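Scroll down for the structure; my scribbles are underneath it.
The values are calculated or read from the model by the stated rules, or taken from the named source; none is laboratory data. Not measured: the values here are computed from a predicted model. Cβ: placed from backbone, ideal geometry, glycine included. Neighbour counts: every protein chain shown.
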Amino acid sequence: MTTFSLYFFLAVIVSAVHILFEYKNIQNQIHTDLRSISLSTTDSLASSMWGLDSIQLENVIDGLLTLQFITGVEIHGDIKSLNISRGNINTNTSLQYQHPITYIHGADVRPLGFITLYSEQAIVFDRMKVNVVFIVMNAFIKTFFLSIIMLYIGSRIICRPLGELLHSVHRLDLDSLKSIEQSKIMSSGQESDKANELTELICAYNKTLDQLLVRTQQRDDAKEQLESKNRCLEKLVDEKTLALQDKLDELNTMNENLKALASTDYLTELFNRRAFFDRADDELSRLRRERKKACILIVDIDHFKAVNDQYGHPAGDALLVAVSKILKHNIRQHDLVARYGGEEFAILLVDIEMDEAILLAERMRENIAKQKVIFKGDVIKATASFGLAMMFPESKDIDSVLSNADKLLYKAKASGRNLLKY
């Protein structure tokens with residue numbers, strides 16, 4: 001009984017240590033997950049903060065909070081309006097990860113702030129449930145089989161008076177066993193009512209044989225149970241692997257969606273300023289390699305502030321959407337139109353001469369002037385001014401081409417608006 005108590009105490013200690021290691025391992029896993037998520041979303045957050053797009057920033061944070069192991073998100077930036085805290089923010093927990101947010105523009109790396117992701121101990125305990133059950137079951141099974149073995153040994157101790165006889169039986173070879181069996185048969189009919197050393201020895205032998213058969217059956221049963229548990233464990237591992245793969249696929253899809261959202265203007269569904277600069281930089285590099293030309297067109301809606309003041313900002317948004325559709329409809333398939341900021345749009349016309357670019361721009365200007373936007377019964381008409389600048393392989397950079405287009409735009413506005421200057 002003392003041996004059993006000692007083993008039970010050791011089993012409890014080993015199980016507790018195993019559970020503690022499992023707890024530490026899951027904590028490390030959650031910390032790794034927080035680090036991976038923060039690294040994968042830094043670019044989306046940087047583009048949103050750089051573009052002062054608080055709506056896009058909120059969308060990214062909402063996406064992070066949908067992950068089961070993230071309970072809080074905190075963003076600190078240089079701009080106060082972009083400081084956001086969502087979810088359960090527990091600064092005392094060790095389950096948190098902080099990562100700097102930087103925006104890379106060309107060769108410049110600009111720090112914008114940092115993001116902190118939080119988790120909770122409840123997430124750790126939730127993940128530990130299944131593993132703790134298996135650890136406890138394993139300890140229970142070991143203790144149970146030890147009890148069976150100790151009971152068997154106890155029975156042997158109780159039967160100590162038969163020890164010498166059993167010892168003699170174990171020392172016999174097969175021939176001796178056969179002779180004992182033959183003696184039993186020969187003597188059973190003559191002195192069946194009398195107990196002697198030979199009959200006691202035969203009974204002890206038969207009892208030992210029966211015990212051996214029972215133990216063999218127990219061993220086979222235990223083996224079958226172990227194989228069944230192994231099959232269950234293998235099935236559980238397969239299910240967990242499939243579930244993990246599903247989570248990874250879901251995370252990859254979410255990352256793709258976040259990338260698309262980070263390059264798209266929320267209102268007009270056009271590319272945003274950052275996406276335009278990325279594409280324009282690539283296009284300038286291509287022009288230098290292939291010695292071709294391109295054009296950049298800056299479009300500004302005339303008297304847009306007056307529309308907002310007279311009809312309200314929702315009407316202004318409707319006008320922006322209508323103009324964006326006209327611009328998108330009139331460009332070629334390989335061109336790019338983006339919302340440059342406010343009521344301004346930037347269009348990249350690739351592999352084009354100035355004459356063709358002028359025709360495209362004039363068609364856009366005329367279509368905008370013909371457009372009628374009906375908003376809550378009011379008919380809103382607007383015009384737009386255009387500035388068109390050529391981009392050559394010798395152009396210094398995109399900013400210089402945009403500066404030329406912008407100067408031409410303001411020249412069009414100064415000349416009476418609803419004009420194209422090039």
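Tell me yes or no: at least one residue of region 381-395 is in a helix (DSSP H, G or I), surrounded by 17 or more Cβ atoms within 10 Å (Cβ to Cβ), in contact (Cβ under 8 Å) with a residue 24 or more places away in the chain and assigned by TED's automatic domain parsing to the domain that holds Asp317.
No.
Somewhere in region 314-329, is a residue of a type in the set (Asp, Glu) and within 22 Å of Leu402 (Cα to Cα)?
Of all residues in region 314-329, those of a type in the set (Asp, Glu) come to 317.
Then keep just the ones that are within 22 Å of Leu402 (Cα to Cα); that gives none.
Checked region 314-329: no residue is of a type in the set (Asp, Glu) and within 22 Å of Leu402 (Cα to Cα).
Applying the selection to region 105-114, what residues are of a type outside the set (D, E, K, R) and either surrounded by fewer than 12 Cβ atoms within 10 Å (Cβ to Cβ) or closer than 26 Å to His31 by Cβ (or both)?
If we filter region 105-114 for residues that are of a type outside the set (D, E, K, R), which is where we start, we get 105-107, 109, 111-114.
Hits for region 105-114 are Gly106, Ala107, Val109, Pro111, Leu112, Gly113, Phe114.
Do we find that Glu283 is buried (at least 17 other Cβ atoms within 10 Å of the Cβ), out of contact with any Gly (no Cβ under 8 Å at 6 or more places or on another chain) and either assigned to a helix (DSSP H, G or I) or without any contact (Cβ under 8 Å) to a residue 12 or more places away in the chain (or both) in this structure? Walk me through it before giving the result.
Values: buried (at least 17 other Cβ atoms within 10 Å of the Cβ): yes; out of contact with any Gly (no Cβ under 8 Å at 6 or more places or on another chain): yes; either assigned to a helix (DSSP H, G or I) or without any contact (Cβ under 8 Å) to a residue 12 or more places away in the chain (or both): yes.
It is true that Glu283 is buried (at least 17 other Cβ atoms within 10 Å of the Cβ), out of contact with any Gly (no Cβ under 8 Å at 6 or more places or on another chain) and either assigned to a helix (DSSP H, G or I) or without any contact (Cβ under 8 Å) to a residue 12 or more places away in the chain (or both).
Only one of these is of a type outside the set (Phe, Trp, Tyr) and either within 38 Å of the chain's Cα centre (by Cα) or not assigned by TED's automatic domain parsing to the domain that holds Lys305 (or both): Glu356, Glu343, Glu366, Glu362. Name it.
Residue meeting the stated conditions: Glu343.
Taking the conditions exactly as written (more than 21 Å from the chain's Cα centre (by Cα) and either surrounded by fewer than 11 Cβ atoms within 10 Å (Cβ to Cβ) or modelled with pLDDT under 90 (or both)), does Thr216 satisfy them or not? Let's see the steps before the verdict.
Values: more than 21 Å from the chain's Cα centre (by Cα): yes; either surrounded by fewer than 11 Cβ atoms within 10 Å (Cβ to Cβ) or modelled with pLDDT under 90 (or both): yes.
Answer is yes for this residue.
Only one of Leu327, Leu267, Leu348, Leu319 is surrounded by 20 or more Cβ atoms within 10 Å (Cβ to Cβ) and either outside any helix (DSSP H, G or I) or not assigned by TED's automatic domain parsing to the domain that holds Lys376 (or both). Can you tell me which? Explain how you work it out, then say what you get.
On the way: Leu327 fails: either outside any helix (DSSP H, G or I) or not assigned by TED's automatic domain parsing to the domain that holds Lys376 (or both); Leu267 fails: surrounded by 20 or more Cβ atoms within 10 Å (Cβ to Cβ); Leu319 fails: either outside any helix (DSSP H, G or I) or not assigned by TED's automatic domain parsing to the domain that holds Lys376 (or both).
Testing whether each residue is surrounded by 20 or more Cβ atoms within 10 Å (Cβ to Cβ) and either outside any helix (DSSP H, G or I) or not assigned by TED's automatic domain parsing to the domain that holds Lys376 (or both) leaves just Leu348.
Go through region 282-320 residue by residue and tally those that are over 30 Å from Val350 (Cα atoms) and of a type in the set (Lys, Arg).
So the count comes out to 1.
Counting only residues that are out of contact with any Gly (no Cβ under 9 Å at 6 or more places or on another chain) and small (Gly, Ala, Ser), which one in region 93-141 is modelled with the highest pLDDT?
Filtering first and then ranking leaves Ala122.
Yes or no, residue by residue, for (1) of a type in the set (Asp, Glu); (2) under 20 Å from Cys295 (Cβ atoms):
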site: Pro314; (1), (2): no, no
site: Arg332; (1), (2): no, yes
site: Glu356; (1), (2): yes, yes
site: Glu362; (1), (2): yes, yes
site: Asn367; (1), (2): no, yes
site: Ala382; (1), (2): no, no
site: Gly387; (1), (2): no, yes
site: Lys421; (1), (2): no, yes
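Could you grab me the full set of residues in region 239-264 that are loosely packed, with under 11 Cβ neighbours inside 10 Å, modelled with pLDDT of 85 or more and either in the same structural domain as Thr41 (by TED's automatic domain parsing) or farther than 16 Å from Ser36 by Cβ (or both)?
Glu239, Leu242, listed by residue number.
Return the pair list, or none, for Cβ contacts closer than 7 Å from residues in region 47-63 that are surrounded by fewer than 19 Cβ atoms within 10 Å (Cβ to Cβ) to residues that are part of a loop (DSSP other than H, G, I, E, B), at least 6 apart or on different chains.
Listed pairs, sorted by first residue: Gly51/Asn272; Ile55/Tyr266.
Keeping to region 286-316, report how many residues are within 21 Å of Lys372 (Cα to Cα) and in a strand (DSSP E or B). Can you show your working first?
Here is the first cut: in region 286-316, the ones within 21 Å of Lys372 (Cα to Cα) are 299-316.
Filter again for in a strand (DSSP E or B), leaving 299-301.
Residues in region 286-316 being within 21 Å of Lys372 (Cα to Cα) and in a strand (DSSP E or B): 3 in total.
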